[in-house]
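**Q** I am attaching a structure below and will ask some questions about it afterwards.
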Amino acid sequence: MSAVRLLCAVVAPKQLTWAEGALTMGNGARSVFLTQQQKKERLADRMGILVDIWESDNNTALTYPHVEEALSTHGIHLSRTRWSYLINGTGSLVTDQELLKGISEYVFAVPASYLCDLNSETPPEVEARMEFLVQMRKLKVKNFAARNLGATSPETLRTITRIIDASMNGEDE
């Protein structure tokens, strides 16, 4: 039995409950416990989102030298290996709060809590940018399809557009 479950069972059975990887307190608050692997994956997912947003805003690929330069001007060191761990979710979990705060603030200009606290909510500005990127990508798919269909009847084009819209909205045509 894990220490958390033991605590729930012995110390405070009416005040704490354990279910689905989360500890629920008597007041309804939940504390989520993530494994090391889950933390690496969540951090990599968040980094991927931020990289996508950055690359969309800057119309170029975000490279290690750019990140290293942005951090080094603030006295923060980032090795190429650690950068790889962060964006790929491999290797050891990056827990250096100063580094994560620096990446958040100096590279991506988002609240540090987004990378430092993996249980935190997605900041509204990140959420809005993600939604915008999804819409932009949908438009690119439509434009690509339109350019490559050539001489197609208007009805066929409307049908294809409906299919693309439905698939991008998670609907079945």
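**Q** Just the number, please: carbon plus sulfur as a percent of the accessible area of segment 72-163, 1.4 Å probe, no ligands or DNA/RNA counted.
**A** Values: 3250 of 5810 Å².
Carbon and sulfur together cover 56 percent of it.
**Q** Also: Based on the alpha-carbon gyration tensor of segment 24-145 and its eigenvalue square roots a ≥ b ≥ c, which shape applies: rounded if a/c is under 1.5, prolate if not and a/b is larger than b/c, or oblate?
**A** Taking the square roots of the gyration eigenvalues as a ≥ b ≥ c, segment 24-145 is oblate.
**Q** Short version: ³J(HN,Hα) in whole Hz for each residue of segment 93-110, in order, from phi by Karplus 6.51 cos²θ - 1.76 cosθ + 1.60 (θ = phi - 60°), x for Gly and Pro, what are they?
**A** 5, 7, 10, 5, 4, 5, 5, 4, 5, x, 4, 4, 7, 8, 9, 9, 6, 10
The values are calculated or read from the model by the stated rules, or taken from the named source; none is laboratory data. Note that this is a predicted model, so its numbers are computed, not measured. Protein only, heavy atoms only, side chains kept; ligands, DNA and RNA dropped before computing areas. Shrake-Rupley method; radii C 1.70, N 1.55, O 1.52, S 1.80 Å.
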